[in-house]
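In what follows, a single structure is set out as structure tokens and then discussed.
The values are calculated or read from the model by the stated rules, or taken from the named source; none is laboratory data. All of these numbers come straight from a predicted model, not from anything done at the bench. Every residue, glycine among them, receives a Cβ derived from its backbone with ideal geometry; neighbour counts consider all protein chains shown. Just the protein is used for accessible areas: all its heavy atoms, side chains included, with ligands, DNA and RNA removed. Shrake-Rupley method; radii C 1.70, N 1.55, O 1.52, S 1.80 Å.
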Amino acid sequence: MATIFPSHANMMYPPTRKDFISLTLTDPTCNIYNNGKHRKQSYWRKWKQLSRLQRSLILFFLAVALVLALLSYSRMSTSRTGSSKKEDWLETNDDRLKSEFLHGKVQPVVGPNSMTDKGPNLPIFQSPPINKKFPNKRGPPSLKKPANASHTLLEKQDVQLPGEKENGEKEKKLVSWRGAMIEADQVTEPPPSANEKVAAVAPAPAAFVPTTGLPVGVDRLEAVRDAFRHAWKGYKMYAWGHDELKPISKSFSEWFGLGLTLIDSLDTMWMMDLKEEFAEAKQWIEKELSFNQNVDVNLFETTIRILGGLLSTYHQTGDQLFLNKAKDLGSRLMPAFKTPSKIPFSDVNIGKGTAHPPRWTSDSSMAEVTSIQLEFRELSRLTQDPQYKEAVDEVMKQVHKLPGKHDGLIPMFINTNSGQFTHRGIYTLGARADSYYEYLLKQWLQGGKSEDELLEDYIEAINGVKKHLVRQTGPHKWTFVGELSHNRFSPKMDHLVCFLPGTLALGAHNGLPGDHMDLAAQLMETCYHMYAQMETGLSPEIVHFNLHAADGHDIFVKPADRHNLLRPETVESLFYMYRFTKDPKYREWGWEILQSFNRYTKVSEGGYTSINNVRDPTNLEPRDKMESFFLGETLKYLYLLFSDDMELLSLDKYVFNTEAHPLPIWPSPPK
């Protein structure tokens with residue numbers, strides 16, 4: 001010890017850790033303190049002085065620590081793969097999108113179909129798992145209810161995003177309109193109570209496995225019929241007479257308790273010549289359907305789905321049963337118009353004959369008060385009772401002269417007391433406003449092109465869209481329609497907006513400017529890419545577009561927006577585009593979409609399910625819900641797209657309501 005600790009020759013051996021530290025810090029003659037070589041020698045001598053058991057234990061623990069460190073490093077590397085490429089995604093001039101991407105809220109589309117020539121596809125940056133709660137409705141928040149409820153259950157959902165604060169305070173709260181998620185500063189709803197929240201979607205049973213799609217060379221019309229039969233099989237087996245099928249759990253859900261899917265599907269079955277299925281449905285309507293119920297229904301959804309479905313089926317079949325039911329329902333919906341402004345309330349009790357707005361506001365959304373006109377006007381024409389047409393025409397007259405429009409674009413809300421726009425400054429062609437623009441054109445067509453105010457408002461609005469909302473992506477110059485919020489542009493587009501190419505094409509077919517058709521073709525391509533760029537070939541509910549040319553990817557998708565509800569808007573526009581251009585590519589695009597529906601949403605026992613995740617074919621997260629519009633709209637438009645009979649529901653003789661129910665175009669009035 002004297003050679004190592006010369007000034008501590010009398011120290012007891014071995015020295016304690018405290019002695020060693022004290023020595024090295026205070027004794028300038030200590031070789032360990034002054035000489036690295038001698039320090040190494042002392043470490044080795046101390047190691048040799050340990051017993052074999054002590055050395056074995058130390059080596060064992062060091063080996064365990066090394067293994068754990070390697071495993072931890074591997075997990076960190078996997079989760080951060082591609083993080084060095086983040087700067088490639090930040091070249092966008094939307095500051096909010098930059099921030100969201102940095103915090104994991106936005107996923108760039110980099111799947112196998114991603115169209116880029118700027119290097120290899122980048123992996124998706126995974127966000128931590130989140131508990132998502134999505135409302136399953138298509139309509140405004142004052143909608144779904146338990147089957148035995150005597151009043152409407154008012155729904156709104158907050159969706160937790162990766163940027164949510166730990167203390168529960170959310171940076172942004174989201175609610176839904178027709179299934180789409182909307183930021184809280186665009187809505188009027190209060191937070192929901194505990195009993196209004198929808199439970200998170202349960203994992204699908206192991207039996208749910210994506211199918212292999214459709215074989216090549218099959219008859220496409222028959223393939224659509226087969227899809228309808230399969231959907232109807234599930235509804236008949238597990239949800240007969242109820243509103244909606246839950247195909248995974250083999251059960252049903254109620255919204256209004258009026259056989260919603262059955263009525264929404266009537267004219268589709270008739271068009272497809274599915275006589276047996278139609279006869280069964282008709283028998284149920286004749287013997288079981290009654291509107292004399294103490295139940296709240298949503299004016300807009302009941303009008304477009306049930307009233308529209310009954311009127312359309314009457315025109316296709318000539319059966320008075322359907323007109324009688326339509327007249328009964330229409331008269332029960334009229335209390336909604338008894339407001340100070342004559343702008344209708346959103347909810348009606350069809351048994352009590354009372355109406356009311358949502359309990360937290362006196363506002364109605366613009367789409368729900370301006371997208372009921374086709375149906376009520378047709379009901380007046382058929383019954384020779386003017387009250388229905390007068391009520392909805394009054395709404396359009398008031399909206400026509402209201403201040404607060406922005407080059408023809410309207411805010412999303414209107415107050416039923418004052419009759420004035422509210423929440424001004426936000427303009428969108430997506431949720432809560434979409435079908436206002438659609439019905440401007442279609443009312444003009446329905447009325448024999450005689451109502452000039454409707455045409456003027458439509459043309460002004462489309463010019464406003466082109467001026468304020470139309471942009472192109474940087475990488476591939478895809479044209480899209482964004483949103484405007486207090487003069488700030490957002491490159492966000494709902495799948496709902498994909499109705500617009502078809503509407504623009506319909507207007508151009510009827511003599512409106514040719515550049516409407518040009519814009520329709522450009523937007524149609526973008527809507528197709530919203531499907532083709534996804535790993536499942538199915539579009540998410542909402543996408544964000546990249547405006548900067550330096551980035552090779554056009555589309556971003558937030559984790560909360562990855563769901564697909566079996567929506568019809570893209571195939572609807574494909575139908576219009578094919579009818580007017582005969583370009584076969586629109587059929588090919590529709591065929592790809594149908595195969596993706598069959599591959600990833602078809603449930604083997606019957607029915608189709610909406611899914612929560614279009615980005616991962618191995619983790620689809622089925623929502624266990626088949627919306628009525630899948631049979632009433634999506635499959636109907638696919639059938640019309642593949643039909644060679646151009647006179648089948650001719651677009652020169654019929655105008656389709658926003659739920660795809662065809663109503664006749666009236667003869668032009670004498671001049």
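Starting from the Cα of residue 456, step 7 Å toward the Cβ, then list every residue of the range 361-400 with an amide N under 16 Å from that point.
Of the residues in the range 361-400, 396-400 have backbone N under 16 Å from the label point off residue 456.
Would you please put 298-307, 500-509 in order of how densely packed they are, using the mean number of other Cβ atoms within 10 angstrom per residue and starting with the highest?
298-307, 500-509
Hey, what's the range 416-478 come to in accessible area per residue, 1.4 Å probe, Å²?
Spelled out: the 1.4 Å probe surface of the range 416-478, per residue, equals 32 Å².
Too long at a 23 Å Cα-Cα cut-off: which of 236/282; 477/585; 442/492; 325/389; 405/492; 327/636?
Among 236/282; 477/585; 442/492; 325/389; 405/492; 327/636, the Cα-Cα distance tops 23 Å for 442/492; 327/636.
Could you tell me the calculated FRET efficiency between residue 648 and residue 249, based on Cβ-Cβ distance and R0 = 45 angstrom, to the nearest 0.05?
After rounding, the FRET efficiency stands at 0.80.
Once you place label points 7 Å from the Cα toward the Cβ at residue 222 and residue 387, how far apart are they in nm?
5.1 nm
Mean separation of Cα pairs under 8 Å and 6+ residues apart, divided by the residue count of the range 454-556: what relative contact order is that in percent?
31 percent
Name the residues whose placed amide hydrogens come within less than 5 Å of the amide hydrogen of residue 295, ignoring near sequence neighbours (fewer than 5 apart) on the same chain.
The answer is 350, 351, 352.
Let me have the relative contact order for the range 379-472, percent, based on Cα pairs under 8 Å that are six or more residues apart.
23 percent
I'd like the carbon and sulfur percentage of the solvent accessible area for the range 406-450, probe radius 1.4 Å, heavy atoms only, ligands and nucleic acids excluded.
45 percent
Please tell me the relative contact order of the range 568-671 in percent, rounded to the nearest whole number, where contacts are Cα pairs under 8 Å and at least six residues apart.
Worked out over the range 568-671, it gives 26 percent.
Packing-wise, with mean Cβ within 10 Å as the measure, how do 398-405, 57-64 rank, highest first?
398-405, 57-64
Apply the Karplus parameterisation 6.51 cos²θ - 1.76 cosθ + 1.60, with θ equal to phi minus 60°, to every residue of the range 252-263 and state each ³J(HN,Hα) to the nearest whole Hz, in sequence, with x for glycine and proline.
9, 10, 10, 10, 10, x, 10, x, 4, 4, 4, 6
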